[in-house]
Amino acid sequence: MRKINFITIILLSFLSLFLNAQKIDLRNVETGDLIYKNTYIDQPYVLKLSDGSWLCVFTTGAESESRPGQHIVSMKSTDRGKTWSTPVKIEPNNGPMSSWAIPYLTSYGRIYVFYNYNGDNISIVREKPIKQAGLLGWYCYKYSDDNGLSWSSKNYRIPIRVTAADVFNDFDGFVQMFWGIDKPHLLDGSVYFAFSKIGKFVQDMGEGWMLCSDNLDKERDASQINWKMLPDGEYGIRNPKFQSVQEEHNTAIMNDGSIYCVYRTALGFLGYSISRDRAKTWTLPDTLRYASKIPNVIKNPRACPRLFKCKNGNYLLWYHNHGGKDFKQRTPVWIAGGVEKNGNIEWSQPEILLYTHENNVNGMSYPDLIEEDGKYWITETQKHIGRTHSIAPQLLEGLWKQANARSLVKSGLVVNKSDISKPTTVSMPKFANLNEGGITLEMTVKLTDWKPNQILFDSQGNQGEGIRITTAPRNTLRIEVADTERNAYIWTTDEGYFSSGRSQTVAFVVDGLARTISVVIDGKLCDGGYKRQYGWGKYASEVKNINGKAKAVVAQECIGTIENVKIYDRYLTTSECISNYNSYNVK
């Protein structure tokens, strides 16, 4: 009897662990595996080495960014990022400041890191102490021939050509200002990577450049590496119309050998440029947009965008999907998928990749991508802690296949009511608390008059708990979700989508895990357009039990018809909402 009880207890324990594992949301930043924690940690970039281990290099320090003691280190993991070794100093923390290491693995196994190095110990500009000394000085590199266990005692300086940005900078060209976030790429035997040069201290008058070495991948004598800075001339990758802030240029090699570059601005969008001749010349940077079917601007604040090319030949773009102009609000992180078409990259509409509910933080940034055996991991930093995150492959596959998705999503569908021309009731399911998942409410509406305050859907109880959808001013819809504890959140759709006499499909996605409400109208994710910074809402307080009346009223006050109502007892992805819409419009 005791044996049976013991076995039962063991089985129940495993079952409990299994069920808890199912509830883990990989998008929650706190579910990631710790890389390192310190007052400052930045840009954790990873290489997969020939022995199967991972090498991570990053910048760290006991004080805040660009303060004394900032230096670069490396760590190793033999269990795919779950645990990491003790940091190895690439540069000491008591010497000139070293910052923002970027790794490269040569074809013969040597590891290089490229980084900022304040070799002249510049600490004053215009007779004032400098708070961002990490941007100043030399571009250097070191190497390791033992998989990162030790690093060359000597560092080597890359000759950075003096250009107009330097001549007119705060130091009259005697000191250069720059940094890089781009991992090197091998193209036709040469190694290329981008960096951003700054023309005015602290971070103004930015422009992009490429460093190219035709022998780095093969030359064993580190002092004999050849370097060239491209493009030729006085000016780098920059569009004067994009104003001062043009920085954090990073690149991917396209399937035809072109180099695709993305970078941040302070105008609420990303810039991009393409070189068709190995970085010698570049197209005038343009505003990055989604695929031609949905040609909206890809919104991003002054935060790091990261471009990745995957082994399947497709692309990923890390960004923040709102039009802020400053360094703040980097949560959640959104990700779009890219597919090459007609010599360019067509970008899908995005999904939430990572989020945090932690207070008083800007969010996640400076990621890297690791791909192994069909699995994906992302590293990121919140400037004081770095983590590794496993990414669900199906989320990424949905992005790449989004344009051609045509199937009706049935998983989680709990209400499906059609042809509602007069007030009708539908039985409501019993939802779990929002913080355990979420819901999606999709409607196909055809209104002949968009007069505000028409009630299209209402399940709210006597205390206001439940869901209500009404028309709002300027031909928009408003959704309100509220719980039994009087926590509520209201979000209104973007303007310019709805018009009278048309059948239009809108999906309200209430993601209770990320605490966001997003809206997809006729297969297009609302992004705020030109009038709003956001097209999606993020609620601060926790809205939980939104179960209202047992029966919801549909088309209670409706000048027109509601052709269909679908409710899912989970949040749908953007790709799933688009697939639903496409399934209704198959020609």
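The values are calculated or read from the model by the stated rules, or taken from the named source; none is laboratory data. Keep in mind that this is a model prediction, so the values were computed, not measured. All Cβ positions, even for glycine, are placed from backbone atoms using ideal geometry, and neighbour counts span all protein chains on display. Quick note on the areas: whole protein, heavy atoms, side chains included, nothing else; ligands and nucleic acids left out. Shrake-Rupley method; radii C 1.70, N 1.55, O 1.52, S 1.80 Å.
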Please get the size of the charge dipole for the chain, origin at its Cα centre, with Cβ charges of +1 on Lys and Arg and -1 on Asp and Glu, quoted in debye to the nearest 20. 1040 debye
Skipping prolines and chain starts, which residues have an amide H placed within reach, meaning under 5 Å, of the one on LEU187, given they are 5 or more residues away or on another chain? TYR192
In Å, the C-alpha Rg and Dmax of segment 392-460 are 16.2, 44
Below 8 Å between Cα atoms, with a sequence gap of 6+, how large is the relative contact order for the chain in percent? 11 percent
Please report, to two decimal places, log10 I(q)/I(0) for segment 119-267 at q = 0.08, 0.11, 0.13 Å⁻¹ as given by the Debye formula with identical point scatterers on the Cα atoms and no solvent. -0.24, -0.46, -0.65
Per q in 0.18, 0.20, 0.32 1/Å, what log10 I(q)/I(0) does a Debye calculation on the alpha-carbon atoms of segment 56-96 return? -0.52, -0.61, -1.05
Backbone HN-Hα couplings from phi across segment 250-264 [Karplus 6.51/-1.76/1.60, Hz, Gly and Pro as x]: 9, 9, 9, 8, 6, 5, 9, x, 5, 10, 9, 10, 10, 7, 9
Mean ellipticity per residue at 222 nm, deg cm²/dmol - from DSSP H runs of n ≥ 4 across the chain, formula -39500 (n - 2.57): -2500 deg cm²/dmol
Apply the Karplus parameterisation 6.51 cos²θ - 1.76 cosθ + 1.60, with θ equal to phi minus 60°, to every residue of segment 330-344 and state each ³J(HN,Hα) to the nearest whole Hz, in sequence, with x for glycine and proline. 9, 9, x, 8, 10, 9, 10, x, x, 10, 5, 7, 6, x, 9
Of every Cα-Cα pair in segment 223-358, the percent that sits beyond 24 Å: 30 percent
Given Cβ charges of +1 for Lys and Arg and -1 for Asp and Glu, the option among TYR272, THR470, SER77 whose Cα lies farthest towards the positive end of the dipole of the chain is THR470
Degrees, to the nearest 10: 574-584 long Cα axis against longest axis of the chain: 50 degrees
Could you report segment 249-325's accessible area per residue, 1.4 Å probe, as an integer in Å²? 30 Å²
Enter the Cα centre distance for the pair segment 512-587 and segment 174-229, rounded to the nearest angstrom. 45 Å
Based on Cα positions only, what radius of gyration and what Dmax would you give for the chain, in angstroms? 26.2, 86
Nearest 20 debye, what's the magnitude of the dipole of segment 101-192 about its Cα centre given +1 on Lys and Arg Cβ and -1 on Asp and Glu Cβ? 140 debye
Show ARG330, ARG532 ordered by accessible area, largest first, where the area counts protein heavy atoms only and the probe is 1.4 Å. ARG532, ARG330
Based solely on C-alpha atoms, express the radius of gyration and the Dmax of segment 55-157 in angstrom. 14.4, 50
With PRO103 itself left out, Lys, Arg at +1 and Asp, Glu at -1 over residues whose Cβ is under 13 Å from its Cβ give +3
Can you give me the Rg/Rh ratio for segment 136-219, using Cα atoms for both radii and the Kirkwood formula for Rh? 1.02
Roughly how tilted is helix 2-23, in degrees to the nearest 10 and between 0 and 90, from the longest Cα axis of the chain? 80 degrees
Looking at the calculated P(r) for segment 463-547, what percent of the C-alpha pair distances fall above 18 Å? 42 percent
Projecting each Cα onto the charge dipole of segment 393-441 (Lys/Arg +1, Asp/Glu -1 at the beta carbon, about the Cα centre), which of GLN402, MET428, GLY412 comes out farthest on the positive side? MET428
What does the C-alpha gyration tensor say about the overall shape of segment 387-521? Classify as rounded when a/c is under 1.5, otherwise prolate if a/b is larger than b/c, or oblate. oblate
Between SER152 and ASP232, Cβ-based FRET efficiency (R0 45 Å, step 0.05) works out to 0.90
On full extension of the chain, what length is gained from LYS293 through ASN462, given 0.36 nm per residue of separation minus the C-alpha to C-alpha distance? 56.5 nm
